[in-house]
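One structure below.
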Amino acid sequence: MKNIIKILFLCGIIIFMAFSCDDDEKPINPLIGTWKCIGFGTTESNEIRELEPKNCNECYILTFKEDGTIEGYTSTNEAVGEFEINLSTKELQIINFSGITEINELFDGKEYIETISNVNSYNTNSNDTLLLYYNHQNLYLIFNSVE
């Protein structure tokens, strides 16, 4: 009889633990946070062309939020949009990224906006670097994490 009680007790604990696990927990999204774009890169030559202007602290900032929205700055405008991500395949689509102010883009601003809209995947590494790939993995934007 004692063995049956022990077995039932253990089964009860196992069932309790199984149902108490939170199935709604989402995997950690490595993009969440604020990033500063430093340039355009290519996988073919590993060259990076720095964005102009280079000394602008508020230019080319991108913040990914938990709710699937993004906001940031181009060369001269504030910008907003949305993103869809597949964490297992690292596919990423940025939707409706556009300026909410109406000033003409300067320097690399126009190319930056066009490129952001063509992103199809991403990669991150332990050095707090984010690569947003476009043009089927040949070209990318390189970002550094903003603390």
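Where a number appears in this text, it was derived from the coordinates with a stated rule and is not lab data. Because the structure is predicted, anything quoted here is derived from the model rather than measured. Note that we place each Cβ from the backbone using ideal geometry, even for glycine, and neighbour counts take in every protein chain shown.
Can you tell me which residue among Thr42, Thr74 is among the β-branched types (Val, Ile, Thr), surrounded by 13 or more Cβ atoms within 10 Å (Cβ to Cβ) and under 18 Å from Ile113 (Cβ atoms)?
Step by step, each of Thr42, Thr74 is checked, and only Thr74 is among the β-branched types (Val, Ile, Thr), surrounded by 13 or more Cβ atoms within 10 Å (Cβ to Cβ) and under 18 Å from Ile113 (Cβ atoms).
Kindly indicate the residue of segment 112-143 that is in contact (Cβ under 8 Å) with a residue 40 or more places away in the chain and loosely packed, with under 14 Cβ neighbours inside 10 Å and also nearest to the chain's Cα centre (by Cα) among those meeting that condition.
Looking at the filtered set, the residue picked out is Gln137.
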